[in-house]
1. If the requirement is being at pLDDT 95 or above and over 14 Å from Q45 (Cα atoms), which of these qualifies: R247, R278?
2. Quick check on this structure: which one of V188, V195, V153 is farther than 17 Å from R120 by Cα and either within 15 Å of ligand 3 (Cβ to nearest atom) or in contact (Cβ under 8 Å) with a residue 24 or more places away in the chain (or both)?
3. Just need a number here: residues in the range 196-219 that are closer than 26 Å to K174 by Cβ and open to solvent by 80 Å² or more (accessible area, probe 1.4 Å).
4. Quick check: anything in the range 161-173 touching a helix residue (DSSP H, G or I) at 6+ places or on another chain (Cβ under 8 Å), within 16 Å of ligand 2 (Cβ to nearest atom) and not in a helix (DSSP H, G or I)?
5. Just for the range 253-273: of the residues that are of a type in the set (A, V, I, L, M), open to solvent by less than 60 Å² (accessible area, probe 1.4 Å) and in a helix (DSSP H, G or I), which one is farthest from K199 (Cα to Cα)?
6. Among the residues of the range 133-143, is any closer than 24 Å to D248 by Cα, touching a helix residue (DSSP H, G or I) at 6+ places or on another chain (Cβ under 8 Å) and at pLDDT 95 or above?
7. Restricting attention to the range 198-220, report how many residues are in a helix (DSSP H, G or I) and more than 18 Å from the chain's Cα centre (by Cα).
Amino acid sequence: YQAKRDRTGVEVYESKRDSNTPDRLGLLGDLRRALDAQEVQLHYQPKVRFDGQVAGLEALVRWVHPERGKVPPDEFIAIAESSGLMPHLTEYVLETALGQVAKWRAQGLRVPVAVNVSPRDVHTPGFAGSVAARLARHGVPAGALQLEITEHVLLEDPQRAADTLAGLTGHGVKMSLDDFGTGYSSLVHLRRLPVSELKIDRSFVARLAVDTEDAEIVRCTVDLAHSLGLLVVAEGVEDDETWERLRDLGCDAVQGWLVAAAMPPEEATAWLLARGSRGWQRPPAALPAAE
Ligand code: C2E
Ligand code: MG
Ligand code: MG
Ligand code: MG
């Protein structure tokens, strides 16, 4: 789990995937049951702009195993991906997230929600159509849904992936490129993917305030994204100094524990209601002292 967070961690992740250890098979069976029993939950983490406006919330899946306790998403998502359970998990996540968007809209909270989708989903035949049908069923406009993808969608059958993504954006769904900087970060990919937002991976953001190389990488990424007309979101913002650096570098929005961690639905609703039209504000104690 920790290894995947490293910039070079992709190999670790891939090799872990193939090992069908009894433990993984056990977890897989449990995950299948957990989905049927609706034991899997979504938490929501805000994305806020520098003026405090809430740009949206990202749905992040949470699973509390009856015996093992919390299972990290990275771990069970890898299992779902390698086992064929991924489409089922994604259906569950989309269904739950759209139900929540509809509830919020009924309360006057018109905030878009982002759902993470795996390459497997994008390669599932009929995916774009099924998303559109689900939106219609919930009475949610496509603009209220964002899908977060990674460059990995282009590794296998890039033409089919591009067609599916074009289908989704054709329906009005917004696409966001997640974990930018950790994969190939290829300019060809960036041009080929119909995304309107780019998310800079936490591994570059974490040490931004102390590491000049990371700061340069972030600066170049922001400039590149803006020159392509994309919005830039920084993930994993934990402190004021990083927040200020990102604002100065021209980043558009941030996500991270400084603002809020992913919250269960009731807490996210309270968070949204408390901010109202005022938006998020940094706690006064965190502001620099007046001269
Ligand atoms: P991600 O989409 O890049 O999500 C960001 C991760 O960073 C989340 O971890 C989030 O809880 C965590 N995070 C947010 N702010 C901070 C911060 O300030 N500091 C630190 N240290 N961490 C922060 P999480 O929830 O464990 O999810 C891990 C990954 O699992 C996600 O990365 C995403 O790739 C995947 N994932 C989560 N939910 C879903 C889902 O419903 N479907 C799919 N396909 N993947 C999902
Ligand atoms: Mg994400
Ligand atoms: Mg990410
Ligand atoms: Mg990430």
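The values are calculated or read from the model by the stated rules, or taken from the named source; none is laboratory data. Everything numeric in this text was worked out from a predicted model, so none of it was measured. Here Cβ is always computed from backbone atoms with ideal geometry, including for glycine, and neighbour counts include all displayed protein chains. Accessible surface areas use protein heavy atoms only, side chains included; no ligands, DNA or RNA. Shrake-Rupley method; radii C 1.70, N 1.55, O 1.52, S 1.80 Å.
1. R247
2. Criteria check complete, one pass: V195.
3. Qualifying residue count, the range 196-219: 2.
4. Checked the range 161-173: at least one residue is touching a helix residue (DSSP H, G or I) at 6+ places or on another chain (Cβ under 8 Å), within 16 Å of ligand 2 (Cβ to nearest atom) and not in a helix (DSSP H, G or I).
5. Here the residue is A270.
6. So far as the range 133-143 goes, no, none of its residues is closer than 24 Å to D248 by Cα, touching a helix residue (DSSP H, G or I) at 6+ places or on another chain (Cβ under 8 Å) and at pLDDT 95 or above.
7. Qualifying residue count for the region: 9.
Every residue, every condition in (1) under 20 Å from K47 (Cβ atoms); (2) part of a helix (DSSP H, G or I), yes or no:
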site: A80; (1), (2): no, yes
site: P87; (1), (2): no, yes
site: Y92; (1), (2): no, yes
site: Q100; (1), (2): yes, yes
site: W104; (1), (2): yes, yes
site: G108; (1), (2): yes, no
site: V115; (1), (2): yes, no
